[in-house]
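Novice: Structure incoming, see below.
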Amino acid sequence: MDPTTDNAGQSGDPGDARAALEALRAEIAKAVVGQDPAVTGLVVALLCRGHVLLEGVPGVAKTLLVRALAAALDIDTKRVQFTPDLMPSDITGSLVYDTRSAEFSFQPGPVFTNLLLADEINRTPPKTQSSLLEAMEERQVTVDGTPRPLPEPFLVAATQNPVEYEGTYPLPEAQLDRFLLKLTIPLPSRQDEIDVLTRHAGGFNPRDLRAAGVRPVAGPAILEAARTAVAKTTVSPEITAYVVDICRATRESPSLTLGVSPRGATALLATSRAWAWLTGRDYVTPDDVKALALPTLRHRVQLRPEAEMEGVTADSVINAVLAHVPVPR
């Protein structure tokens, strides 16, 4: 069966599932130029039922990337622009009084979707940020004491600007730890930027993905089949120990005040399994762990102020740890 047909979205075969998810890159590339690592990270997060923090300066197609992913997966998506006056009910929904029935009815908020783009999440106060936490962790929203389950699949893709901090509310460590991956969206290369401008000169409209040719190549059934296959991916005791050793080494780094927690170790194991399956294997290798270490761990460590002043970054610390921790054979 051709995984790029509409029927692929209903397939439950693991082989078709992998082929369909690989086809996502070609579809998203019709709208977004040169962001393959971010696309892969979003797919890994979907396979692991995790959430993603996207960090990049304005104008690098973060929003377009999420919209193109939703279009290629044939799932519902909504966008919330986080601002200082945003209230928790603006995200979760609220009870509204109906004068005709003289009763209160629940009006769902934008969180009731498959793929929620939380734009500039660090621009809203902690109370509103925390309202998203229950949805991310429990996959439900509680309003007036009644829990209301969210759709499946459900992923939060939150963005933040790394260079503008005035009027922002930095996410606390406990909430950062709830994100499975932190993906950095770089500025495009010269050739990629030329390609972007050439597309726009040719009439490309980022608000009309259908006209750009982006079509569904997968769907919820594909994701469920893929998740089942990922859960069967073998992890040897040596790989488990390797993941633990990496995370424990961060706790001993002189450049960090906070190392990776056991939750972070669990996340690294999960993302490594998803990446191994995506690359066509049913077992995890040390290279899989290394490939996902930076996006899975970079937001789970905290630098010492003196190290930060010396130009040390979370990525450089994790790379140093990967270079020193013995690799199992």
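Novice: Which far-off residues, 5 or more places away or on another chain, put their amide H under 5 Å from the one on S255, with H placed in the peptide plane?
Specialist: Sorted by chain and number, the residues that satisfy this come to none at all.
Novice: Here's another thing I want to ask about it. By accessible area of protein heavy atoms, probe 1.4 Å, what ranking do E238, E120, E27 get, highest first?
Specialist: E238, E120, E27
Novice: A further question follows. Each residue of region 229-237 in order: what ³J(HN,Hα) in whole Hz does its phi give by Karplus 6.51 cos²θ - 1.76 cosθ + 1.60, θ = phi - 60°, with x for Gly and Pro?
Specialist: Karplus-based 3J(HN,Hα) across region 229-237 equals 5, 4, 5, 8, 5, 6, 10, 6, x Hz.
Novice: I need the phi-derived Karplus couplings for region 103-113: 6.51 cos²θ - 1.76 cosθ + 1.60, θ = phi - 60°, integer Hz, Gly and Pro marked x.
Specialist: Along region 103-113, the couplings run 9, 8, 10, 7, 10, x, x, x, 5, 7, 8 Hz.
Novice: Show the residues, 5+ positions off or on another chain, whose built amide H is closer than 5 Å to the amide H of H299.
Specialist: Close amide H contacts, sequence-distant or interchain: K182.
Novice: If the reach is capped at under 30 angstrom between alpha carbons, list the lysines near K127, excluding any in the same chain fewer than eight residues apart.
Specialist: K62, K78, K182
Novice: What order do you get for 280-288, 106-114 when each peptide is scored by the mean count of other beta carbon atoms within 10 Å, highest first?
Specialist: Listed from highest to lowest mean packing, they are 106-114, 280-288.
Novice: How big is the Cα convex hull of region 186-329 in projection, averaged over all directions, in nm²?
Specialist: So the mean shadow area of the Cα hull is 12.3 nm².
Novice: Using the C-alpha atoms of region 271-316, what convex hull volume per residue, in cubic angstrom, is computed?
Specialist: 67 Å³
Novice: Can you show me the helix-derived [θ] at 222 nm for the chain, built from DSSP H runs with n ≥ 4 at -39,500 (n - 2.57) apiece and divided by the number of residues, rounded to the nearest 500.
Specialist: Helix contribution divided over all residues of the chain: -13500 deg cm²/dmol.
Novice: Okay, moving on. Using per-residue counts of other Cβ atoms within 10 Å, averaged over each peptide, order 175-183, 121-129 from highest down.
Specialist: 175-183, 121-129
Novice: For the chain, what's the relative contact order in percent, using C-alpha pairs closer than 8 Å and at least 6 residues apart?
Specialist: 24 percent
Novice: Let me ask something additional. Out of all DSSP beta bridges in the chain, what portion is antiparallel? Express it as a percent rounded to 5.
Specialist: Roughly 40 percent of the beta bridges in the chain run antiparallel, per DSSP.
Novice: Which far-off residues, 5 or more places away or on another chain, put their amide H under 5 Å from the one on R148, with H placed in the peptide plane?
Specialist: V141, T142, V143
Novice: Among rounded, prolate and oblate, which fits the chain when a ≥ b ≥ c are the square roots of the eigenvalues of its C-alpha gyration tensor, a/c under 1.5 means rounded, and a/b larger than b/c means prolate?
Specialist: rounded
Novice: I need the phi-derived Karplus couplings for region 323-329: 6.51 cos²θ - 1.76 cosθ + 1.60, θ = phi - 60°, integer Hz, Gly and Pro marked x.
Specialist: 6, 9, 6, x, 8, x, 9
Novice: By its C-alpha gyration tensor, with a ≥ b ≥ c as the square roots of the eigenvalues, how is region 19-131 shaped: rounded for a/c under 1.5, else prolate for a/b larger than b/c, else oblate?
Specialist: In terms of gyration-tensor shape, prolate.
Novice: Taking the inverse of the average 1/r across all pairs of different Cα atoms in region 165-268, what Kirkwood radius in Å do you get?
Specialist: 19.0 Å
The values are calculated or read from the model by the stated rules, or taken from the named source; none is laboratory data. Note that the coordinates shown come from a computational prediction; the quantities given were computed from them, not determined experimentally. All Cβ positions, even for glycine, are placed from backbone atoms using ideal geometry, and neighbour counts span all protein chains on display. Surface accessibility is based on the protein's heavy atoms, side chains included, excluding ligands, DNA and RNA. Shrake-Rupley method; radii C 1.70, N 1.55, O 1.52, S 1.80 Å.
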